[in-house]
Amino acid sequence: MKRLLKLAGFTAIVFAINVTMLVGVIGLIAVNAGPTPSGNGDVNGDGSINLADAVYLLTHVFEGGPAPVAIAQAPTCESCWPPRPENIVNLDSANHPDALGQSVTIDALDFAVLFTAPLDHAVVLTDIHLLTNTYDLVAFDGADERVLVNVSFRPNGSNNKIGAMSTGIAILPGEELRIRSRLGGSSAFQWHVTGYLAQMTP
C-alpha cells in the first residue's frame, strides 16, 4: 500500500513538472507571437484559438504571466442599417442660413442648396416632407442637374404637400441637393428631408 502511495505521489510530481514545463514553453511561444488577436478567445494574439490560449490565460492568472492581448475594436460599419447617429442627416428649412422663420424664399427659377454631400460619402434620402409648389428637387454634380422629384401643379391654388415619402434616392459624393423653383416669381418654400451618410463601395 505504501509503495502504491509513493508511486502515485511520484507520478503526480512528474506530471506537475511536465505541465509546468509545457506552460513555460507555450507561454514563451505566446509571448513571442504577434500582438494582434484574431478574435475573442485568442488571448495570446498568435492568430488562432487553441489550447495555447487556455495555457496562456492560466499562466497569467496563476503565475503572473503576460496579460491577454487586447482585441481591437471592430471597424465602424457606416453602411449598416440602422445608421449610426452621427451619420444621420436632418435637413430642415428653418435651419437654413437664408431662413425667415420656417421658410426660405426662392426667387423665380432660382434654387436653394439644402446640403452638399461629402466627397467620401453618398447621402441616401429616406424621407421627404415638402410644403412647396411647382419645384424640382435636384442633385447637382458641378456641371449638370439631375432631377430627383418633380412637382408641376398647385391643387386648388394651395401649396402642394408631400409628406413622409420614402425615397431611397442617393446623392452622390460631392453633389449638392437643391430645391429649384419653377415659379414665375419669388415664393416661400418649406422642407424637412432626412437621410443618412453611406460609404461608397469601390
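Looking only at residues in region 164-180 that are modelled with pLDDT of 85 or more and among the small types (Gly, Ala, Ser), which one is farthest from residue 138 (Cα to Cα)?
Across region 164-180, the extreme among qualifying residues is 174.
When you look at residue 34, is it surrounded by 10 or more Cβ atoms within 10 Å (Cβ to Cβ), assigned to a loop (DSSP other than H, G, I, E, B) and at pLDDT 55 or above, yes or no?
no
Could you tell me which residue of region 114-136 is surrounded by the fewest Cβ atoms within 10 Å (Cβ to Cβ), considering only residues that are modelled with pLDDT of 85 or more and hydrophobic (A, V, I, L, M, F, W, C)?
Applying the filter and picking the extreme gives 119.
The values are calculated or read from the model by the stated rules, or taken from the named source; none is laboratory data. Quick caveat: nothing in here was measured; it's all calculated off a predicted structure. Every residue, glycine among them, receives a Cβ derived from its backbone with ideal geometry; neighbour counts consider all protein chains shown.
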